[in-house]
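None of the figures in this text is laboratory data; all of them are computed from the coordinates on show. What you see is a predicted model; the values in this text were computed from it and never measured. Quick reminder, even Gly has a Cβ in these numbers, built from the backbone with ideal geometry, and neighbours come from all protein chains shown.
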Amino acid sequence: MRAPVQKTRPRRSGKQTPSAGGTQPTSGAATGTTGDAAPAGKGRPTHVRNRLIVAVAVVAAAIAGAGVPSIVTASGQLHDSQELVTLAEQTENALTLAHSLADERDEVTSYVAAGRPKSKAPSEQRSVRVDRQVEELRADPDAPASLRDDLDAIAAVRRGALTGKSSALEAHTAYSATITELHRLAESLAERMPPRAGAGAHALAELDSAVQQAAAARGLLLAALSVPTTTETVVDPITGIASTQKTSSDADAKQRAALSAAAQQARLRSDAALADFHDTAPKTARTSYDSTVTGPDVDTADRYLAALTDQPALSDRDLATNTERAEAALSARVDLMRGVESALYDRRTKALEGLRDDDVTALEIRIAILGALMLLAVGVATGMARSLTRPLAVLRLGSARLARAEDPMAQEPVKFTGRRDEFAQVVDSVNALHAHALALHERITTLESDRKHLVGQRQKMADARESLRAELAQSATQLERLRGSIGNTFVNLALRTLGLVERQLAVIEGLEEREQDPERLATLFKLDHFATVMRRHSENLLVLAGTEHVQQHAGPVPLVDVVRAAVSEIERYERVRIAALPPHAHVAGFAADDLSHLLAELMENATSFSPPDLPVEVSGWLLESGEVMLSVQDEGIGMTGDRLTRLNARLADFDPENTYDQEGDDGLGLGLYVVARLAHRHGVRVQLREQKQGGVAAVAVLPKGLLTAAPTAAVPSDTRHPDAPPTGGL
């Protein structure tokens, strides 16, 4: 089986016949096989890396020299042609909007010139069409930002013309400014047209200018004819013959004269633009225009234009012109011009689309050529790779022979007769490894005995580990039992203390009811307050033990009573000032005591860590979400930003399974720990915030689930002694 493999490689020595069998590390301890082996390879040292670099260089040269520049050029041309197609489509939409806006402008100008009578009010249908076309143009994601601003101003221009005090010429000018901005798209398209897209790019822009100016001349003439006039009879003092003539007020006469002069200028600009169009447009475009803009209506319109714009001001004969006929003839001429313009722009858009398709085809052809070059490069690289795989096969067969040998001592080293390259170096390394494997066999026996010893030691360690695990489980059970015992002790102690405090409060309240001496009554009030504070501390023990011990109120409790009860449970209650609170906010009965306890701990912290002569303010707001936010603000020295961040993180991610930690850099302390447990119990969000004027504000947000509607019964007023502290509890 090995002879054919050797024959297929005539450059290799026939002595390189591999033997069957696999390499086993149990052979003898001979170590001198590589000492007699000749160095692998012949000739001067070379590197396979050089041949690989040549292959990569061929591939890179084929790609860079034949593909990249041409593809980049074709891609750039395709991008430019696509932008031209997009701009052409935008230009068509903009010109359509300009035509509709011009019709609306002419109607509004006539309406304003006539004095804004209701009978000549502009058509709402025309305004709706303009607005629809504006929205369609604004919806184009490629529309320029300046064009969007001009479109947004159309509504303001219309509103100012219809409801403002501007003149007809001012309204016409305001509309024309927007139409001019739409016309700039046509000029931009003409400027960006490349020579390969054909001639006549600027001719279409000139045609659009002619169309817009023709529409402007029509609107201005109709507006001038719409200016109000009065007819009066005049008697010639010499002949005595009576005649009628139309007269106007000075303001109307000035307005008519201004409109007539503007119409004359618009006609001249239209004629000049048409002349430029005929001079620069291709023959097909001129033929299309001449064959379309013709007929009786066009001739009639030309006669009207010649008669009405021969002078800057309209004569009495001009004022007698039939407005409806003139409007029909002028509008027919403008519509024919618009039709030619739309057809030419549609033809230009299709031509640009064809140019874009040609660019796509050119890009595809260049990509195909690049692919062919890549296949050629891959073929060259494959041929070079084969020059590497043949010596690699010799190395693979020789190393496999040594690896499968049952007796490595009986195998000769791998012989290599190729170039002195990396393969020859690998052959030397394989021979060295083979010799080293023989040397390692001697150590295997010693290591085997050591391994057995280590296995025994490992078993002993495993047995000891199991014993330690059992002891650890027993210790954990005892610790849990001890923790439960301590918790029960805390609960029993707290309940006993609470019972004594409640009895003490009952006795003190009885003494307060019978005492008449003001000084003794004040002393009893202080004892009452101290007992209330002691009751809160006892309840803290229950909170630390994780036990709920609250009184369930039958109905909702006013929020102000909850805050007052919290004030009564702190030692320095006289420093607390209650600011504005939501007037009709009520707390559910099941959470009233816990919420009062939570606020009391926040107030206790605020009075403890602020100067004794400064007040602590409690305020509340009703949020838009229906929740209530309460704030306890002090003016103390505050705390560092790092500690504030750590405390807020502990409050936000509080885990009730964690035990109480002492006051420190990261610890919450007793007060905040109780606050965190109570807040977690009822879903209240608590956060500490640093104030600009100094101190800390503790904010508590009550969820909607804790808030209820106010009961119908009125809340009784407080009739306690004016010098007494707030009553503890709810």
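Taking the beta-carbon count within 10 Å as an exposure proxy, list Glu353, Glu124, Glu442, Glu539 from fewest neighbours to most.
In increasing order of surrounding Cβ atoms, one gets Glu124, Glu442, Glu353, Glu539.
Mind giving me the FRET efficiency for Ser75 and Ile578? R0 is 60 Å, r the Cβ-Cβ distance, nearest 0.05 is fine. Provide the component values of the computation, followed by the final result.
Details: r = 73 Å, r/R0 = 1.22.
Efficiency for this residue pair is about 0.25.
Whose amide H sits under 5 Å from the amide H of Ala585, counting only residues 5 or more places off or on another chain, with H placed in the peptide plane?
Leu559
Please give the contour-minus-distance gain from Asp149 to Ala57: 0.36 nm per residue of separation, less the Cα-Cα distance, rounded to one decimal in nm.
So the extension gain works out to 27.7 nm.
Gain in length, Leu511 to Thr523, computed as 0.36 nm per residue apart minus the alpha-carbon separation, to one decimal in nm?
3.2 nm
What residues have an amide H closer than 5 Å to that of Ile578, excluding those fewer than 5 places away on the same chain, when H is modeled at 1.01 Å from N in the peptide plane?
Val618
Tell me, what ³J(HN,Hα) does each residue in region 585-596 have, in order and in whole Hz, if you take phi through Karplus 6.51 cos²θ - 1.76 cosθ + 1.60 with θ = phi - 60° and put x for Gly and Pro?
Coupling constants for region 585-596: 6, 10, 9, 4, x, 6, 10, 5, 5, 5, 5, 5 Hz.
Name the residues whose placed amide hydrogens come within less than 5 Å of the amide hydrogen of Arg685, ignoring near sequence neighbours (fewer than 5 apart) on the same chain.
Those qualifying (amide H under 5 Å, at least 5 residues apart or on another chain) are Val701.
Can you tell me which of 590-603, 334-347 comes out highest on packing, and rank the rest after it, using the mean Cβ neighbours within 10 Å?
Result, highest mean Cβ count within 10 Å first: 590-603, 334-347.
Which residues does the label zone of Ala253 cover in region 297-319, counting backbone N under 16 Å from a point 7 Å along Cα→Cβ?
Correct set: 312-319.
Show me 258-264, 420-426, 323-329, 637-643 ranked by packing, highest mean number of other Cβ atoms within 10 Å first.
My ranking of the peptides, most packed first, is 258-264, 420-426, 323-329, 637-643.
Karplus couplings for region 211-217 from phi (6.51 cos²θ - 1.76 cosθ + 1.60, θ = phi - 60°), rounded to Hz, Gly and Pro as x?
Calculated HN-Hα couplings, in order: 5, 5, 5, 5, 5, 5, 4 Hz.
May I ask you to compute the full-extension gain from Val380 to Thr446, defined as 0.36 nm times their residue separation minus their alpha-carbon distance, rounded to one decimal in nm?
Difference between extended and current length: 18.3 nm.
Karplus couplings for region 569-584 from phi (6.51 cos²θ - 1.76 cosθ + 1.60, θ = phi - 60°), rounded to Hz, Gly and Pro as x?
9, 10, 6, 9, 5, 5, 8, 8, 10, 8, 8, 5, 10, x, x, 10
Rank by packing, highest mean first: peptides 466-476, 98-108, with packing defined as the count of other Cβ atoms within 10 Å averaged across residues.
Answer by packing, highest mean first, reads 98-108, 466-476.
Among Ala372, Gln457, Thr382, whose Cα lies farthest out toward the positive end of the dipole of region 333-473, if unit charges sit on the beta carbon of Lys, Arg (+1) and Asp, Glu (-1)?
Thr382
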